[in-house]
Amino acid sequence: MTTGSSYESLPPRTPGHPDPVGQQPYPPEGYSQPLATPTTGALPYGLGFLAYIPIPYLSLLVAGIVMAAVYPSQKTKGELAAENARHAANWGLSLIAYIVIDFLFFAIMLATRGDDSTGFFPIGIPVVLFFALGIAHLVVIIMGLVAANKRTVLPNRIAIPFIR
């Protein structure tokens, strides 16, 4: 006869063994607990999506800084994570350099423009470069995330190798 109590599904207590209530069940004989998978270093590439906060120039700078700042913590999480984090940090630092150069180019174009200049170009060249850099950044972080999840390293050819 069943009473509908939840205690009926518990195994019987045996003398000398602790009460099984509230304990995790043990795996069956011959099986072990699953091993934790090593980290892949996808985190720095994923943090690159911070660049799409809608604040021009500043958001790309923040993304580059964060991607580079995560590298020291990822170095200790395994060889694959360290390599991916190093490549992401190099891309983040390169992104910072490219954005600063683009901003300086924009400031120079604004300072040296004449009164007779009308239209979007030539002053719009740095703006077009900014959008091209944003698209390149999106492509690099997606390719880096895909490579990290495949447990490989993305060889980024447009990143300056600041960290070797």
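Any read-out appearing in this document is the output of simple, stated calculations on the displayed coordinates, not a laboratory observation. Keep in mind it's a predicted model, so treat the numbers as computed, not measured. We place every Cβ from the backbone using ideal geometry, glycine too, and count neighbours over all the protein chains shown.
What to note about this one:
- Applied to segment 87-104, the Karplus parametrisation 6.51 cos²θ - 1.76 cosθ + 1.60 on θ = phi - 60° returns per-residue 3J(HN,Hα) values of 5, 5, 5, 4, 5, x, 5, 5, 4, 4, 4, 5, 5, 5, 4, 5, 5, 5 Hz, with x for Gly and Pro.
- Between residue 142 and residue 129, the simple spin-label model (points 7 angstrom out along Cα→Cβ) gives 2.5 nm.
- Using θ = phi - 60° and Karplus 6.51 cos²θ - 1.76 cosθ + 1.60, couplings along segment 46-57 (whole Hz; Gly, Pro as x): x, 5, x, 5, 4, 5, 9, 6, x, 10, x, 6
- Each of 32, 59, 117 has some number of other Cβ atoms within 10 Å of its Cβ, and from fewest to most they run 32, 117, 59.
- A simple packing score, the average count of other Cβ atoms within 10 Å per residue, orders the peptides 60-72, 87-99 as 87-99, 60-72, with the highest score first.
- For the pair segment 68-123 and segment 141-164, the centres of their Cα atoms are 16 angstrom apart.
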